[in-house]
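Chemist: Supplied in structure tokens, the structure appears directly below.
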Amino acid sequence: MSRELTPTEEQAVDALITEVYGTSPPDLSQQILTRLREETVVAPQVRTKKDEAQPIRKAKPNGSRSWWILATAASIAALLIGAMFVRNARQRQVAINGSDVPSTNLAIEANSSDAPSSANQRTHKPQSPPKRTNSMQQAVVLNQGAKADQLDRDIKENDSSEVFQSPREPDAIQPITLVSKQIGLGLRDYWVSVAVEPTEDAAVIEVADRLSETFGIEVPPTSIESVESFDAFLAEPQNAVAVASQLLMQVTEGGLARLDRQNQTNLSNDLASCFKLAQPFDRLIAGWLSKKGPTSDAWWKANSANQESPRAKHSMARRIAKLTMNVDLRCIRCHDAKIESRGKQSEYWSFVGLMAQRPGQDVFYETANGTQKMVEAVVPPTWLGQTNRDDGAINSLDQFASGLVGSRELAKGTINAIWELVNGRPLVGSVVDLSTTPHTDSLLELQDNLVDDLLASNFDLGRSLALVVTSPAARRSVPETLDPTRSTLASLQELELANEKVSAFAAASPRHRKVSLAKKIEFANRSFADKVDGSRLDVAERSSLLAQIFGEDSDTSKRSQPQASTKAHPKLEAYPYRAEALPLNWLDSVAGLDEQIRHLGYVASLEEVPRKVTNVATQMQTAGVARPLILHRVWWMIHP
């Protein structure tokens, strides 16, 4: 201990103290030395004559230095002990409050020591630093002090293993005009990243007409001039209910229409209340799923469609997983996902078992190689964003419902549903679809911005809808080459370029008339038939056939409302007459025309392709029609 500390060692000790203490520690050397002198007992010295004869020498520098080192070491030890005490106290405070900042209105759980790890799993941003950081992401914070409503208490009573996200502070939400600008800039960055040039802005009245058809209510051009004006449009109760009804029709794939009028009204009113935060959407969904809400039964019926069909549980599970967890179940019923890495057949049957009201029971299914396997009816934890295996199985509807409160996966599914309602396709779709938005970092950042804002607003659907409706994607014009009257004259390269713009939301897709499957099948069956003399139908004869089959499907509103005659009415989607490639590249890996048609049916969200469609395809094959063209025509008949 007689060696003096080197400058390097002194710096190392200072750095250690700073790391433990958090900041540079105060200099307490004098206090410690004073206390040391007061407590030191000096023993009386016994002096010999020899000692008396010799003068008393002053202490050598080495001895003083040795004593100083001892005092310094004691000082350091005292500082370390004090720093550790302060740090432990601070950690105990964080464990209780869930934040470094003390709060005066926190609900302290009985087992608060377990709260931090569970809460971190439910935060809307990953714990690792994101690749990009913008002002919107920084503004999204948690408000642990919001008062829970009755549904919150029901959820917590039914689930003791998780601590779920609470609503955000209202002051954490950025002004909607600022967020709107960020969404616009994000879209333009995305178009640059995929190297597409967007089409010109459509006329405001044209955009208003599109939205009027989408929402089933008159949308004035003035209501889409800004994000605030559309937010004000949704503030009118009748407008909110009309828009909510169309959103329900989409997410239930028409199941809402199968309910009686009273149940339709009740469900639409419930969803409309989420547009102005009368109730957060995640709490509404949790109430529906857990069957605790007054309209829960109606919601389950709308999603189950034909409950007597043995296939009803599959379509119901697919719809619910898509909205609540942003999970695509179309390609994992018979095998593990081959195109996308996410999704296993065992997970599919586990979730279907739970949706079929068999919680905790064993479910048997047949694998691709014909063997039988057994799984438990649960929600796969990864579908809800859980990565910790110790979280426990989600084996009841109550646990599933509570896991959706504040869920980022639910926010992703909700944004995709809203985007699809306005723009025809989800913002971030599946690669198995015919028209899929190219995935880039810019697209995922755009999705994150919308998801972050939805979470920050406590699932205010009206706010998110206003952001999507007034985004640049909703204002694009339709490429001229995709006009049904001109598409037959355009080259395949021109059509491909136009479709690339549509896929990237850099151009609007032309609106098409909705016609019955029966009429589509009739036209497809007769369009390739030989005439009596053995020749094929020419263009004029095909046009005559179109008018003959589809002429009576003209818009009745045009006849009943003369003032609406100036509006551009949807045209019949062009029937495919040319095709060089398969509609989906991955279909090439599927053996046989019948299997390829069956997989097209899965992409169209059909449990089974109608027999009449497969019969027409077989007739086309017999007549010598090329397989790519057959598959394009099958898609023309069956796609939504």
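Chemist: List every residue pair whose Cβ atoms sit under 7 Å apart, with the two residues 6 or more apart in sequence or on different chains, where the first one lies in region 208-222 and is free of Cβ contacts under 8 Å to residues at least 12 places away in the same chain and the second, anywhere, is open to solvent by 20 Å² or more (accessible area, probe 1.4 Å) and among the hydroxyl-bearing types (S, T, Y).
Modeler: If the second residue must be open to solvent by 20 Å² or more (accessible area, probe 1.4 Å) and among the hydroxyl-bearing types (S, T, Y), the pairs left are T222/S229.
Chemist: Can you name the number of the only condition in (1) closer than 17 Å to E206 by Cβ; (2) modelled with pLDDT of 95 or more that L467 fails?
Modeler: Every condition holds for L467 apart from (1).
Chemist: Moving on to the next point. So if I check each of L587, L606, L600, which one is open to solvent by less than 60 Å² (accessible area, probe 1.4 Å), in a loop (DSSP other than H, G, I, E, B) and modelled with pLDDT of 80 or more? Show your work before the answer.
Modeler: Numbers: L587 fails: in a loop (DSSP other than H, G, I, E, B); L600 fails: in a loop (DSSP other than H, G, I, E, B).
From the options L587, L606, L600, the qualifying one is L606.
Chemist: In region 189-222, which residues are among the polar types (S, T, N, Q) and over 27 Å from the mean Cα position of the chain (by Cα)? Give the derivation first.
Modeler: The initial filter retains those residues of region 189-222 that are among the polar types (S, T, N, Q), namely 193, 199, 212, 214, 222.
Once the filter is applied, which keeps residues that are among the polar types (S, T, N, Q) and over 27 Å from the mean Cα position of the chain (by Cα), region 189-222 yields T199, T222.
Chemist: Something else about it: Would you confirm, using the coordinates I've provided, whether P576 is assigned to a loop (DSSP other than H, G, I, E, B), surrounded by fewer than 17 Cβ atoms within 10 Å (Cβ to Cβ) and not basic (K, R)? Break it down into steps so the answer makes sense when it comes.
Modeler: On the way: assigned to a loop (DSSP other than H, G, I, E, B): yes; surrounded by fewer than 17 Cβ atoms within 10 Å (Cβ to Cβ): no; not basic (K, R): yes.
Considered against the rule, which asks whether it is assigned to a loop (DSSP other than H, G, I, E, B), surrounded by fewer than 17 Cβ atoms within 10 Å (Cβ to Cβ) and not basic (K, R), P576 comes out as no.
Chemist: Quick one: count up the residues across region 610-625 that are open to solvent by 20 Å² or more (accessible area, probe 1.4 Å) and either part of a helix (DSSP H, G or I) or in contact with a helix residue (DSSP H, G or I) (Cβ under 9 Å, 6 or more places away or on another chain) (or both). It would help to see each step written out before you state the result.
Modeler: Taking region 610-625 as the starting set, the residues that turn out to be open to solvent by 20 Å² or more (accessible area, probe 1.4 Å) are 610-612, 614-615, 618-619, 621-625.
Imposing the further condition that a residue be either part of a helix (DSSP H, G or I) or in contact with a helix residue (DSSP H, G or I) (Cβ under 9 Å, 6 or more places away or on another chain) (or both) reduces the set to 610-612, 614-615, 618-619, 621-622, 625.
Total meeting the criteria: 10.
Rundown of residues vs (1) within 19 Å of Q399 (Cβ to Cβ); (2) at pLDDT below 90; (3) open to solvent by less than 60 Å² (accessible area, probe 1.4 Å); (4) of a type outside the set (D, E), yes/no style:
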site: S268; (1), (2), (3), (4): no, no, yes, yes
site: L271; (1), (2), (3), (4): no, no, yes, yes
site: K276; (1), (2), (3), (4): no, yes, no, yes
site: T324; (1), (2), (3), (4): yes, no, yes, yes
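Chemist: Out of all the residues in region 307-316, is one or more over 30 Å from L247 (Cβ atoms) and either modelled with pLDDT of 85 or more or of a type in the set (K, R) (or both)? Outline the logic, then answer.
Modeler: Applying the first criterion (over 30 Å from L247 (Cβ atoms)) to region 307-316 yields none.
No, region 307-316 contains no residue that is over 30 Å from L247 (Cβ atoms) and either modelled with pLDDT of 85 or more or of a type in the set (K, R) (or both).
Chemist: From the list T222, T199, exactly one residue is more than 16 Å from R476 (Cα to Cα) and polar (S, T, N, Q). Which is it? Even if it seems obvious, please write down each step before you answer.
Modeler: Values: T199 fails: more than 16 Å from R476 (Cα to Cα).
After applying the criteria, what remains is T222.
Chemist: Name the single residue, out of those in region 487-513 being within 35 Å of the chain's Cα centre (by Cα) and free of Cβ contacts under 8 Å to residues at least 40 places away in the same chain, that is most open to solvent (accessible area, probe 1.4 Å).
Modeler: Checking each candidate, the answer is Q493.
Chemist: Moving on to the next point. Can you tell me which residue within region 366-420, out of those that are out of contact with any Phe, Trp or Tyr (no Cβ under 9 Å at 6 or more places or on another chain), modelled with pLDDT under 90 and in a helix (DSSP H, G or I), is least open to solvent (accessible area, probe 1.4 Å)?
Modeler: Step by step, filter region 366-420, then rank; the result is D391.
The values are calculated or read from the model by the stated rules, or taken from the named source; none is laboratory data. What you are looking at is a predicted structure, and each value in this text was computed from that prediction instead of being measured. Using ideal geometry, Cβ is built from the backbone for each residue, glycine included, and neighbour counts are taken over all protein chains shown. The area values use the complete protein model at the heavy-atom level, side chains included, leaving out ligands, DNA and RNA. Shrake-Rupley method; radii C 1.70, N 1.55, O 1.52, S 1.80 Å.
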